[in-house]
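Reading through the structure tokens given below for one structure.
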Amino acid sequence: MKIAVASRDGRIINQHFGHAERFLIYEADECGIRFLEERGVEKYCSENPEHLYNPERTKKIFDALMDCSALLVSRIGTIPEKELEKVGITTFILCDYIEEGIKTVLSGVR
């Protein structure tokens, strides 16, 4: 299972989906949890006060995350979360150390 994580510091799940300019990709299986790579993206939030949904921008992010089953973030808007669900990516809103957050996902606790 591949899991994408939004983190500013690479240690803690502490970034809002819309502010992320990279996602850390981990693989979790019976052998443990391993960091695979960092994937850069154009951040979703445009700093526009109206903050309208932008399907073109989210498509690029979704393409970068398409092989992941889960996304761990500190926050996410309702529309992006629902759109991620449509493409098979479950979002988990957590504020924890990355490895602990991944263990939470694996245990089925939300």
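The values are calculated or read from the model by the stated rules, or taken from the named source; none is laboratory data. Everything numeric here is computed off the predicted structure, so don't read it as measured data. Note that each Cβ is placed from the backbone with ideal geometry, even for glycine, and that neighbours are counted across all protein chains shown.
In this structure, does A70 turn out to be crowded, with 18+ Cβ neighbours inside 10 Å, in contact with a Cys (Cβ under 8 Å, 6 or more places away or on another chain) and modelled with pLDDT of 95 or more?
no
Name the residues in the range 90-107 that are touching a residue at least 40 places away in the same chain (Cβ under 8 Å), under 13 Å from the mean Cα position of the chain (by Cα) and either exposed (fewer than 14 other Cβ atoms within 10 Å of the Cβ) or within 18 Å of D29 (Cα to Cα) (or both), would you?
At the first step, the residues of the range 90-107 found to be touching a residue at least 40 places away in the same chain (Cβ under 8 Å) are 91, 94-99, 101-103, 105-106.
Next, from what is left, pick out any that are under 13 Å from the mean Cα position of the chain (by Cα): 91, 94-95, 98, 101-102, 105.
Those that are touching a residue at least 40 places away in the same chain (Cβ under 8 Å), under 13 Å from the mean Cα position of the chain (by Cα) and either exposed (fewer than 14 other Cβ atoms within 10 Å of the Cβ) or within 18 Å of D29 (Cα to Cα) (or both): C95, I98, G101, I102, V105.
Does K59 count as out of contact with any helix residue (DSSP H, G or I) (no Cβ under 7 Å at 6 or more places or on another chain), over 21 Å from G108 (Cα atoms), of a type outside the set (G, A, S) and assigned to a helix (DSSP H, G or I)?
So K59 fits the description; yes.
Can you tell me which residue in the range 18-48 is farthest from L94 (Cα to Cα), limited to those that are out of contact with any helix residue (DSSP H, G or I) (no Cβ under 6 Å at 6 or more places or on another chain) and among the hydrophobic types (A, V, I, L, M, F, W, C)?
The selected residue is C31.
So C31 clears everything in (1) at pLDDT 95 or above; (2) at negative phi except one condition, right? Which one?
Checking C31 against (1) at pLDDT 95 or above; (2) at negative phi, the one that fails is (1).
Here are some conditions: (1) without any contact (Cβ under 8 Å) to a residue 40 or more places away in the chain; (2) basic (K, R); (3) surrounded by 12 or more Cβ atoms within 10 Å (Cβ to Cβ). K82 meets all but one. Which one does it not meet?
If we test K82 against (1) without any contact (Cβ under 8 Å) to a residue 40 or more places away in the chain; (2) basic (K, R); (3) surrounded by 12 or more Cβ atoms within 10 Å (Cβ to Cβ), just (3) comes out false.
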